[in-house]
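Reading through the structure tokens given below for one structure.
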Amino acid sequence: MRDIVQLRPEGLYCPAGQFYIDPWRPVATAVLTHGHGDHARVGMGCYHTSAEGLPILQWRLGAQDYRAHEYGEPFTLGGARVSLHPAGHVLGSAQVRIEAEGQVWVVSGDYKRQPDPTCSPFEVVACDTFITEATFGLPIYRWPSAADVARDIVQWRDHCAARGETAILYCYALGKAQRVLAELKPVIDRPVYLHGAIAAGVDVYRRAGIDMADTRLVIDADAARETPGTGFAGELVLAPPSAAGSAWLRRFRKAQHGFASGWMRLRGNRRRRNMDRGFVVSDHADWPDLLRTIRETGARRVIATHGDTDALVRTLNDAGVAAETLATQYGEDD
């Protein structure tokens, strides 16, 4: 039997259905797993997406030809029966289940198994072949409780307050910022200030009914003060990584800088980014959850993409699972 998902210059292609999954070049028909920039690009003829993810694509890609589907609702493309299932990565993220030519394949996109109040939880989908991400495919990557991390962030803010400093936390504008705000809601006692790029995504999530900590725009708070840049001591500010080292930071007289990412599991990454603090919170599966997910799918064949694929494939092969790597153009979340 031929592979029902194949790698082409445009991306992952299903010949039976004549569609691509998260293509990186313009194609006629795209099925998208989620809205991060390495998976969702402009230039496609039409976009199939989850109904939950539609507002995200409209925000990120603007007006396009969208076809929205409820989770688990099958639809037909050519000779393939397709359905989208929750991936637990960010709001609207989906795994793509493809049934064609007597086979069932699942393309995971990015996913995580940790509880997350901002998106639907991951759903295990049985399949013959599982194409899995491996962003954090090394045994060292194991995630602490996000609730514990939220309490650590508040303690850091309070430490900064005692020193007359602003606590500036860098996080991705789609998914990470909203999850941090949702985890902070039960433990924080005052609003969190936002960079404009973060605020846009927060607004999309709020319109989708996601409950998060109270927020204020930095620029609005600045405009209301006689002396711009004053009054942020002791406050928590969320900003995208692109703001680090930018002129936007000049408004904060004294500040400490932190980063929220799974990459902060390694202290060297924090030092290379010149951060005062690193908070380990990730929207991807850690090592134990990668192995657990692969086992629970019952897949006889596993294809690992984008990330630390070699260690994962070697571990699976040693355990008697047929596993291999596939080079794609997916990378950083935003």
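The values are calculated or read from the model by the stated rules, or taken from the named source; none is laboratory data. No experiment lies behind these values; they were computed from the predicted model shown. Note that each Cβ is placed from the backbone with ideal geometry, even for glycine, and that neighbours are counted across all protein chains shown. Remember, those area values only see protein heavy atoms, side chains included, never the ligands or the DNA or RNA. Shrake-Rupley method; radii C 1.70, N 1.55, O 1.52, S 1.80 Å.
For this structure, a couple of remarks:
- Any hit, segment 312-331, residues being touching a helix residue (DSSP H, G or I) at 6+ places or on another chain (Cβ under 6 Å), more than 20 Å from Leu174 (Cα to Cα), at pLDDT 95 or above and hydroxyl-bearing (Ser, Thr, Tyr): yes
- For segment 274-287, the count of residues that are surrounded by 19 or more Cβ atoms within 10 Å (Cβ to Cβ), at pLDDT 90 or above and assigned to a helix (DSSP H, G or I) is nonzero.
- Hits in segment 168-205 - residues which are among the small types (Gly, Ala, Ser) and crowded, with 24+ Cβ neighbours inside 10 Å: Ala173, Gly175, Ala177, Gly201
- Yes/no for Tyr111 being buried (at least 24 other Cβ atoms within 10 Å of the Cβ) and assigned to a loop (DSSP other than H, G, I, E, B): yes
- Within segment 259-268, if we keep just the residues that are within 20 Å of Pro139 (Cβ to Cβ) and open to solvent by less than 30 Å² (accessible area, probe 1.4 Å), the residue that is modelled with the lowest pLDDT turns out to be Gly268.
- Enumeration of residues in segment 8-37 that are on the phi < 0 side of the Ramachandran plot, part of a strand (DSSP E or B) and touching a strand residue (DSSP E or B) at 6+ places or on another chain (Cβ under 6 Å): Leu12, Tyr13, Cys14, Phe19, Tyr20, Ile21, Thr29, Ala30, Val31
- Selection count where residues are under 23 Å from the mean Cα position of the chain (by Cα), over 13 Å from Gly262 (Cα atoms) and open to solvent by less than 10 Å² (accessible area, probe 1.4 Å), scope segment 135-162: 2
- Some residue of segment 81-98 being assigned to a loop (DSSP other than H, G, I, E, B) and either more than 27 Å from Ala182 (Cβ to Cβ) or without any contact (Cβ under 8 Å) to a residue 24 or more places away in the chain (or both): no
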